[in-house]
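The values are calculated or read from the model by the stated rules, or taken from the named source; none is laboratory data. Small disclaimer: the values here were computed from a predicted structure and weren't measured. Note: ideal-geometry Cβ built from the backbone for every residue, glycine included; neighbour counts use all protein chains shown. Just the protein is used for accessible areas: all its heavy atoms, side chains included, with ligands, DNA and RNA removed. Shrake-Rupley method; radii C 1.70, N 1.55, O 1.52, S 1.80 Å.
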Amino acid sequence: MSIPLEDTVTDIIGKAQRGLGLSDTDLADKVGIEISELEAVKQVRGIAFAQVEKLARALELGPKSLVAIAEGKYTPTTPLPKTGFFQSNTPYGDMTVNSYLVWDNETGLAAAFDTGADCTPLVDEIKKRNLTLQDVYLTHTHVDHVLELDRLVEKVGGSVGIHVNKAEALDKAASFEPGVTFSLGRLHIETRDTSGHSAGGTTYLIHSLDRPLAIVGDALFAGSVGGIKSDYRAGLKRIADHILSAQDGTILAPGHGPLTTVIQEKTSNPFFPGFRRPEAQDI
């Protein structure tokens, strides 16, 4: 499945600017340009990439990573688990949203992660593989991720557990405190606090597939992050501590955009320049 990056350079710059609370005047002063020039730099229109690098430094972003995205050179490649994993990507307004299905081959027990804007692909995959949907885990409760919750449960039938971080309690869902681990047959689902984009943003780290997998919701995108609504630097630290601390080969399954891996985001995501190896420092 070929899905473009969720965020453009303009999106990335805007998220960093809002997170740091910098007005256009503040940012122009830090970069050393006139406000009239700032918009062209933000849009990467008719300018030298050296100016993009200056803007990145002013916004605490990795300059080389930001330029690579501006040049269209960052396209993460992600080998998938051999089995037990399915990605759905459905349209929602002018964007698309991801949802996922994970299952244990031995028992046929499955779990959905978010619902997307149309749960039909999830339902079709469950029926095609003769799986039993045991649980639905929500990364957060923004409407594009939970829109089809009732329909999904209705279509698959049976008793389905719905789980959500207690910070975003939802009718019909059991609330949990991040840190708890759930079971799905022989699989284990570890919950990690990655709030920031939303009050109860949760990452689910799944153990015992043939490749480690983390469903990260809108905390992290390939080459970007979800907009962090409060305490920007603390939000970035939670992503670093609870997502990028996983094994380098861990597949990261975000709420929007393409799949990626921990190592690709550690080395190529502009929001985390500190992770780059010493021989390739993003400075």
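Here is the figure for the range 36-91: residues that are part of a helix (DSSP H, G or I) and farther than 24 Å from P254 by Cα total 16.
For the range 157-262, no strands (runs of 3 or more DSSP E) sit wholly inside it while including 2 or more residues that are among the polar types (S, T, N, Q), out of contact with any strand residue (DSSP E or B) (no Cβ under 9 Å at 6 or more places or on another chain) and under 28 Å from N105 (Cβ atoms). Among the numbered conditions (1) without any contact (Cβ under 8 Å) to a residue 12 or more places away in the chain; (2) buried (at least 23 other Cβ atoms within 10 Å of the Cβ), the only one that D241 does not meet is (2). Residues in the range 53-69 that are open to solvent by less than 80 Å² (accessible area, probe 1.4 Å) and touching a residue at least 40 places away in the same chain (Cβ under 8 Å): L55, A56, L59, L61, G62, P63, S65, L66, A68, I69.
Test D218 against the criterion of being at pLDDT 95 or above and closer than 25 Å to G19 by Cβ, and give yes or no. So D218 passes the test. Looking at D171, is it of a type in the set (D, E, K, R), surrounded by fewer than 19 Cβ atoms within 10 Å (Cβ to Cβ) and in contact (Cβ under 8 Å) with a residue 40 or more places away in the chain? No. In the range 147-160, the residues that are at pLDDT below 95 reach residues that are surrounded by fewer than 20 Cβ atoms within 10 Å (Cβ to Cβ) with C-beta atoms within less than 9 angstrom, at least six apart or across chains, in these pairs: G158/T132. Taking (1) more than 26 Å from H140 (Cα to Cα); (2) touching a residue at least 12 places away in the same chain (Cβ under 8 Å) in turn, G72 satisfies each apart from (2).
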